[in-house]
Amino acid sequence: MSEESNRIQAREQRVKRMRSLTLMSDTFMSVALNDIPACQYVLRTLTGIESLNVKEVRTQYRVSKTDSRDAILDVLAEDASEKLYNLEIQRLNTVDHARRTRFYGAMIDSSYLEKSTTYADLPKVYIFYLSETDIWQEGHTIYEVEKHFKNTKIPYDDGLHIVYVNAAIDDGSKIAAMMQYFKASDPEDQTQGELSKRVRYLKSEEGGRSEMCEVSEEIFQEGKEEGREEEKRATAISLFQMGMSVEKIAEAVRASVKLVQEWVSGNGMVSPAK
């Protein structure tokens with residue numbers, strides 16, 4: 001088989017995989033919401049603000065820092081009043097969800113606070129953490145974080161708002177209905193307005209399939225890099241559990257000592273016994 005045939009076949013296989021994906025996949029959600037009307041529909045549903053107008057959407061947005069790990073945000077949108085909305089899909093229950101959202105918020109702040117500005121210039125940030133399962137196991141579709149001073153009702157407003165939304169609990173609300181749609185992403189289901197139109201376009205129309213090809217190719221390449229790092233992280237954790245020093249692990253997996261320390265400390269581990 002020629003190189004061109006292999007390339008075409010690989011492309012077709014990726015499109016087939018994309019067609020089978022749902023909006024509970026960060027890859028497909030990133031492609032679907034890289035569209036202002038669709039993203040606006042989702043945010044209006046999540047916030048309950050029908051007048052919310054999205055002016056910009058960035059998907060798979062990488063925030064890079066030279067002295068810390070990068071963050072790749074699934075969807076980062078900005079509305080007409082310069083509020084920021086971060087949508088994150090999380091399908092695993094093996095991560096520290098609260099600290100993960102803390103990290104996202106910190107990276108967004110650091111990327112928007114320029115040296116010449118003051119803290120008052122930081123935009124309001126809303127993080128919507130979307131999961132398949134009921135992470136907090138209290139039987140709610142939505143868990144909104146409230147902050148206030150202890151023993152008072154005085155709100156503590158630092159401009160960061162975090163909302164956990166899951167697709168496991170159907171409480172009959174409009175948000176729950178949208179999350180059920182996220183799980184199926186049936187192109188024949190047109191109950192979710194602009195979001196349904198976007199999914200149908202991507203999965204059933206020629207132009208949408210071409211767009212999926214182009215975007216998924218970029219995400220596929222980025223995913224390969226992330227996969228290699230995840231493999232290194234898993235190896236590092238295993239070696240640490242076996243008693244190997246952080247320095248030796250860093251040498252073995254060809255990563256910095258600082259990064260290995262982050263990997264093992266992020267899993268609640270302490271230095272192995274001497």
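The values are calculated or read from the model by the stated rules, or taken from the named source; none is laboratory data. Remember, predicted model here, so these are calculated numbers, not experimental data. Virtual Cβ from ideal backbone geometry, glycine too; neighbours counted across all protein chains shown. Calculation scope for accessible area: heavy atoms of the full protein, side chains included, ligands and nucleic acids excluded. Shrake-Rupley method; radii C 1.70, N 1.55, O 1.52, S 1.80 Å.
Assess whether Lys232 counts as being modelled with pLDDT of 75 or more, under 21 Å from Ala38 (Cα atoms) and assigned to a helix (DSSP H, G or I).
Against the criterion (modelled with pLDDT of 75 or more, under 21 Å from Ala38 (Cα atoms) and assigned to a helix (DSSP H, G or I)), Lys232 does not qualify.
Of all the strands (runs of 3 or more DSSP E) wholly in the range 83-197, which have at least 3 residues that are β-branched (Val, Ile, Thr) and surrounded by 14 or more Cβ atoms within 10 Å (Cβ to Cβ)?
160-166
Six or more apart or on different chains, Cβ under 6 Å: which pairs go from a residue in the range 45-62 that's over 17 Å from Ala177 (Cβ atoms) and of a type in the set (Ser, Thr, Tyr) to one that's modelled with pLDDT under 95 and assigned to a loop (DSSP other than H, G, I, E, B)? Could you list them?
Cβ pairs passing all conditions: Thr59/Asn34.
Identify all residues within the range 29-47 that are at pLDDT 95 or above and either basic (Lys, Arg) or open to solvent by 60 Å² or more (accessible area, probe 1.4 Å) (or both); write none if there are none.
Scanning the range 29-47 gives Ile36, Arg44.
I need the full set of residues from the range 6-28 which are closer than 14 Å to Lys203 by Cβ, modelled with pLDDT under 85 and among the β-branched types (Val, Ile, Thr), in order please.
Selection gives Val15, Thr27.
If the requirement is being polar (S, T, N, Q) and over 15 Å from Met24 (Cα atoms), which of these qualifies: Thr133, Thr117?
Just a single option satisfies the conditions, and that option is Thr117.
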